[in-house]
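Structure first, then comments.
The values are calculated or read from the model by the stated rules, or taken from the named source; none is laboratory data. Remember, it's a predicted structure, so these values are computed and weren't measured experimentally. Counting neighbours? That spans all protein chains shown, and the Cβs are built from the backbone with ideal geometry, glycine included.
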């Protein structure tokens, strides 16, 4: 018999996957960055993604759920995309543009989650986490705009 997952756990699981993709992406981009100030900004973002991933994982564990990352195939194609995107242009400007695009996708995905589950009392904590992540992503975009 398959175990059903609660709505709030479902939200948190989606959030976890999204922020782990942020962790993976920034981790792959960091070695390509030569500008130390820009590298510091990316490291700050990485730390933020890791904090949110840890928070989401803890919430899932508290609910008796397992935190699952994207499939190896999704991760592989993400890595290929990053490698292809930075092969010809690894400038801070281009990497900032890539980060902005990724953060925008994260905002879109997370806002969909908020809109779907907002107002459900059992999802209050998860929706609050989602709002925090949207604000974090918006801040990331603002920081990256300085490097375009």
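Yes or no, residue by residue, for (1) in contact with a strand residue (DSSP E or B) (Cβ under 7 Å, 6 or more places away or on another chain); (2) within 22 Å of residue 55 (Cβ to Cβ); (3) at pLDDT below 95:
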position: 84; (1), (2), (3): no, no, yes
position: 87; (1), (2), (3): no, no, yes
position: 125; (1), (2), (3): no, yes, yes
position: 139; (1), (2), (3): no, yes, no
position: 143; (1), (2), (3): no, yes, no
Exercise. Quick one: which of 69, 137, 97, 122 is touching a helix residue (DSSP H, G or I) at 6+ places or on another chain (Cβ under 6 Å) and more than 16 Å from residue 23 (Cα to Cα)?
Worked result: 122
Problem set entry | Qualifying positions in the range 88-119 - assigned to a helix (DSSP H, G or I), under 22 Å from residue 31 (Cα atoms) and without any contact (Cβ under 8 Å) to a residue 40 or more places away in the chain | 94, 101
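Within the range 52-69, can one find any residue that is under 16 Å from residue 138 (Cα atoms) and out of contact with any strand residue (DSSP E or B) (no Cβ under 6 Å at 6 or more places or on another chain)? Talk me through it step by step, then tell me what you get.
So in the range 52-69, the residues under 16 Å from residue 138 (Cα atoms) come out as 52.
In the following step, the residues that additionally are out of contact with any strand residue (DSSP E or B) (no Cβ under 6 Å at 6 or more places or on another chain) were identified as 52.
Yes, the range 52-69 contains a residue that is under 16 Å from residue 138 (Cα atoms) and out of contact with any strand residue (DSSP E or B) (no Cβ under 6 Å at 6 or more places or on another chain).
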Seminar exercise, completed: By my count, helices (runs of 4 or more DSSP H) wholly in the range 1-87 with at least 3 residues that are surrounded by 19 or more Cβ atoms within 10 Å (Cβ to Cβ) are 7-29, 36-62
Exercise. In this structure, does residue 133 turn out to be at pLDDT 95 or above and in a helix (DSSP H, G or I)?
Worked result: yes
